[in-house]
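Chemist: My questions all concern the structure below.
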Amino acid sequence: MPATMEAAGREALVEDILRLKRERRAVILAHNYQRPEIQDLADFVGDSLGLSQKAKSLDADVIAFCGVRFMAETASILNPSKTVLLPDALAGCGMADMISVDALLDLKEAHPGALVVAYVNTSAEIKAESDICCTSSNAVDVVNSLPKDAEVIFIPDKYLGAYVARRSGRRLVLYEGWCPVHMEIKEEGVAALKRRIPGAVVLAHPEAPPDVVSMADWVLSTEQMVVKVRELEGPDFIIATETGIIHKMRRENPGKRFHAADDFAVCPHMKMNDLERLRAALRDLGPEVRVPGAIRERAWLPIQRMLDLGLPSKDGFVGCRC
Ligand code: 13P
Ligand code: SF4
């Protein structure tokens with residue numbers, strides 16, 4: 001029996017979503033930064049790579065993608081016969097918006113013959129102009145897979161790019177893009193937490209600024225972080241990424257303590273999806289994300305090349321201590 005009107009309302013919402021999900025033969029995919037109530041309802045919660053792999057192999061009619069536009073686009077590119085829903089059509093990505101096709105074409109012109117590695121946090125149009133994609137979990141592997149003598153342009157995240165350059169030992173041409181959410185995480189904040197909680201293990205996402213990354217015990221994609229905190233004893237962990245991931249960590253590790261490196265590292269785009277919008281999306285079969293044919297065909301190739309490399313190798317694994 002729900003204790004309050006609010007709880008009763010939420011229960012009814014959840015029931016509607018589950019019923020619509022069955023009627024629509026839908027699967028709910030959620031990124032690790034989604035609101036707790038969305039994560040709890042989802043069929044699969046993961047990072048960009050895991051969600052892409054899932055989207056490719058799904059046998060549902062509808063994919064309700066609780067994440068941001070570039071993730072829903074990737075799902076639609078990989079599985080175009082499905083209806084891919086993004087509960088809030090405006091859920092974009094501050095970093096993906098920093099690079100335009102014209103800017104990329106200028107960069108390619110300035111570096112003729114260079115190979116372009118596009119972080120998946122880019123639009124389908126940008127992917128269509130790129131040679132291979134990467135995510136935060138396989139970026140080192142992807143760059144290591146390229147011919148040693150090739151010049152490589154890495155877009156759009158200068159921080160992930162700088163990290164990959166250091167780990168792979170290769171010179172990369174970087175673009176001036178970054179994540180406005182991870183940019184908020186400051187070295188002083190992490191240092192203060194480390195002083196207050198001696199022995200705490202620091203996990204940072206490679207989108208974080210280099211001074212934060214250099215303080216980390218582990219540099220990991222979001223799902224790699226979830227796996228790592230399961231493996232380590234802790235009991236205290238400082239999490240230098242978007243705060244939504246801490247829900248999953250707490251749920252899976254009741255005896256461990258998780259401290260956000262910055263409580264304000266909250267991605268406004270990720271949080272646009274909520275239960276009401278998810279219900280409306282499943283009911284109305286919209287907003288739908290579909291990538292036009294010509295762009296889809298060209299954007300598919302760099303994504304598929306990345307997937308063909310398989311899972312991150314032990315060497316390329318972004319999460320090495322460094
Ligand atoms: P992951 O691929 O590590 O989940 O990261 C996606 C993202 O947008 C981080 O800001
Ligand atoms: Fe984009 Fe940053 Fe939000 Fe990730 S956290 S979706 S990179 S704005």
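The values are calculated or read from the model by the stated rules, or taken from the named source; none is laboratory data. Since we're looking at a predicted model, the values are computed, not measured. Quick reminder, even Gly has a Cβ in these numbers, built from the backbone with ideal geometry, and neighbours come from all protein chains shown.
Chemist: Restrict the check to region 227-241 and report whether at least one residue is within 11 Å of ligand 1 (Cβ to nearest atom), over 26 Å from Ala128 (Cβ atoms) and either of a type in the set (A, V, I, L, M) or surrounded by 17 or more Cβ atoms within 10 Å (Cβ to Cβ) (or both).
Modeler: Within region 227-241, one or more residues are within 11 Å of ligand 1 (Cβ to nearest atom), over 26 Å from Ala128 (Cβ atoms) and either of a type in the set (A, V, I, L, M) or surrounded by 17 or more Cβ atoms within 10 Å (Cβ to Cβ) (or both).
Chemist: Still on this structure, please answer the following. Just to check your reading of the model, which residue among Val101, Val84 is more than 18 Å from the chain's Cα centre (by Cα), more than 13 Å from ligand 2 (Cβ to nearest atom), β-branched (Val, Ile, Thr) and modelled with pLDDT of 95 or more?
Modeler: Just one listed residue meets the conditions, Val101.
Chemist: Looking at Arg35, Arg69, which is the one that is among the charged types (D, E, K, R), crowded, with 20+ Cβ neighbours inside 10 Å and either farther than 24 Å from Cys267 by Cα or touching a helix residue (DSSP H, G or I) at 6+ places or on another chain (Cβ under 9 Å) (or both)?
Modeler: Arg69
Chemist: Okay, next question. Does Ser48 fit the bill of being surrounded by fewer than 24 Cβ atoms within 10 Å (Cβ to Cβ), closer than 25 Å to Gln304 by Cβ and among the polar types (S, T, N, Q)?
Modeler: Taking the combined requirement at face value, the residue does not satisfy it.
Chemist: Take the conditions within 29 Å of Val266 (Cβ to Cβ) and either modelled with pLDDT of 95 or more or surrounded by fewer than 21 Cβ atoms within 10 Å (Cβ to Cβ) (or both) and apply them to Asp157. Does it pass?
Modeler: Against the criterion (within 29 Å of Val266 (Cβ to Cβ) and either modelled with pLDDT of 95 or more or surrounded by fewer than 21 Cβ atoms within 10 Å (Cβ to Cβ) (or both)), Asp157 qualifies.
Chemist: Which pairs turn up if I take residues in region 190-214 that are among the hydroxyl-bearing types (Ser, Thr, Tyr) and look for partners that are in a loop (DSSP other than H, G, I, E, B) with beta carbon separation below 9 Å, at least 6 apart in sequence or on another chain?
Modeler: Ser214/Cys322
Chemist: Go through (1) touching a strand residue (DSSP E or B) at 6+ places or on another chain (Cβ under 9 Å); (2) in contact (Cβ under 8 Å) with a residue 60 or more places away in the chain; (3) not β-branched (Val, Ile, Thr) for Asp88 and report which single condition fails.
Modeler: (1)
Chemist: Under the condition of being outside any helix (DSSP H, G or I) and among the basic types (Lys, Arg), which residue from region 16-38 is nearest to ligand 1 (Cβ to nearest atom)?
Modeler: Here the answer is Arg35.
Chemist: If you don't mind, another one. Using the structure shown, decide if Ser81 is of a type in the set (S, T, N, Q), under 28 Å from Ile126 (Cβ atoms) and in contact (Cβ under 8 Å) with a residue 24 or more places away in the chain.
Modeler: no
Chemist: Of the residues Leu51, Leu58, only one is hydrophobic (A, V, I, L, M, F, W, C) and within 16 Å of ligand 2 (Cβ to nearest atom); which?
Modeler: The unique qualifying residue is Leu51.
Chemist: Looking at region 2-13, is at least one residue hydrophobic (A, V, I, L, M, F, W, C) and in contact with a Leu (Cβ under 8 Å, 6 or more places away or on another chain)?
Modeler: Yes, region 2-13 has at least one match.
Chemist: For region 121-203, please list each of the strands (runs of 3 or more DSSP E) lying entirely inside it that holds at least 1 residues being within 16 Å of ligand 1 (Cβ to nearest atom).
Modeler: Filter on region 121-203 gives 132-134, 152-155.
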